[in-house]
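The values are calculated or read from the model by the stated rules, or taken from the named source; none is laboratory data. Please read all numbers here as calculations on a predicted model, not as lab measurements. As a convention, Cβ positions derive from the backbone with ideal geometry for all residues, glycine included, and neighbour counts pool all protein chains shown.
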Amino acid sequence: MSYLSHQTPYRRPKPPMTGRLVGIGFVILLHVGLIYALLTGLARDIVKEVTKNIVVETVEDTPQQPDDLPPPPPPPPDLNTPPPPPALPPPQIKIQNPPPQQNPPTQVTTTAPIQRSETFAPPAPPGPPAPPARSGGGVDRNSILKNRPEYPTQSIRLEEEGTVVLVAFCNEDGRISDARVEKSSGHERLDNSAVSMAKRGRWKCTPDKEGGTPAPGWLSVRIPIPFRLEDAR
């Protein structure tokens, strides 16, 4: 018998990856089944059946009523606090009426009447007589308009305005030779300018007549002379 006949026959060992391959194949089949179920809607029906009997209820929280607690007991009295003083009755005040006063005797004195001497001041002397007014005279207005008084430069600078009223004296030749201010314009420069122009004899007038003869005299007609800045500029 040879040495080779007594040896056991040689067996090939199983590959160690067989069990792992079986597990991988099972997982693959499981995934394939799930994909198929999702595609066919089987999984959707299963979810509906599972959630069909689920009921959602809303529970409201009721506020808790606070318990009625009894009021706290009053604090114990302080033994160290002294008691209040006893009330004293109000004092009695006696008011004595003053004795009645006796009116002193009144003395009546008689005085002699006072004699007053009244002194009368002598009456004031009469003023100078006013110039007699002449009736029938007149003034030529055109001659006054053509020969207006000069507007003073100082009055224009100070913007002085007003109207002077003159009483004129008419000569027997029919010209005004004198004048006086009856009503001032409020500015002395304007008054003097009007009087100065009247004395130049350029204003014409109509004298009064006595017995058919012209008589010089003061006219009863008043002559207004206005001074306006708009005429001077």
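So, of the residues in segment 174-189 that are within 21 Å of Leu229 (Cβ to Cβ) and in contact with a Gly (Cβ under 7 Å, 6 or more places away or on another chain), which turns out to be surrounded by the fewest Cβ atoms within 10 Å (Cβ to Cβ)? Full working, then the answer.
Going through segment 174-189, the residues within 21 Å of Leu229 (Cβ to Cβ) turn out to be 181, 183-189.
Adding the requirement that they be in contact with a Gly (Cβ under 7 Å, 6 or more places away or on another chain) leaves 185-187.
Details: Ser185: 22, Gly186: 12, His187: 18.
Among those that are within 21 Å of Leu229 (Cβ to Cβ) and in contact with a Gly (Cβ under 7 Å, 6 or more places away or on another chain), it is Gly186.
Within 18 Å of Leu145 (Cα to Cα), surrounded by fewer than 17 Cβ atoms within 10 Å (Cβ to Cβ) and over 56 Å from the mean Cα position of the chain (by Cα), is that true of Thr206? Show your work before the answer.
Details: within 18 Å of Leu145 (Cα to Cα): yes; surrounded by fewer than 17 Cβ atoms within 10 Å (Cβ to Cβ): yes; over 56 Å from the mean Cα position of the chain (by Cα): yes.
Criteria met by Thr206.
Failed condition for Lys204, given (1) touching an Asp or Glu at 6+ places or on another chain (Cβ under 8 Å); (2) within 12 Å of Phe227 (Cα to Cα), with all others met?
(2)
Pairs, please: C-beta under 8 Å, at least 6 apart or cross-chain, first residue in contact (Cβ under 8 Å) with a residue 24 or more places away in the chain and in segment 164-183, second acidic (Asp, Glu) and outside any loop (DSSP other than H, G, I, E, B)?
Val164/Asp191; Val165/Glu182; Leu166/Glu182; Val167/Glu182; Ala168/Asp178; Phe169/Asp178; Cys170/Asp208
Determine whether segment 190-203 contains at least one residue that is in contact with a Gly (Cβ under 8 Å, 6 or more places away or on another chain) and within 13 Å of Glu150 (Cα to Cα).
Quick first cut of segment 190-203, residues in contact with a Gly (Cβ under 8 Å, 6 or more places away or on another chain) only: 190.
So of that shortlist, the ones also within 13 Å of Glu150 (Cα to Cα) come out as 190.
Yes: segment 190-203 contains one or more residues that are in contact with a Gly (Cβ under 8 Å, 6 or more places away or on another chain) and within 13 Å of Glu150 (Cα to Cα).
If I filter segment 133-173 down to residues being hydroxyl-bearing (Ser, Thr, Tyr) and surrounded by fewer than 18 Cβ atoms within 10 Å (Cβ to Cβ), which single residue comes out as nearest to Asp191 (Cα to Cα)? Break it down stepwise before answering.
Within segment 133-173, the subset hydroxyl-bearing (Ser, Thr, Tyr) is 135, 143, 151, 153, 155, 163.
Subsequent filtering for residues that are surrounded by fewer than 18 Cβ atoms within 10 Å (Cβ to Cβ) retains 135, 143, 153, 163.
Values: Ser135: 26, Ser143: 19, Thr153: 14, Thr163: 9 Å.
The extreme case among them is Thr163.
Restricting the search to segment 189-233, which residues are at pLDDT below 90, small (Gly, Ala, Ser) and within 12 Å of Ala168 (Cα to Cα)?
If the condition is that a residue be at pLDDT below 90, small (Gly, Ala, Ser) and within 12 Å of Ala168 (Cα to Cα), then Ser220 is the only one that fits.
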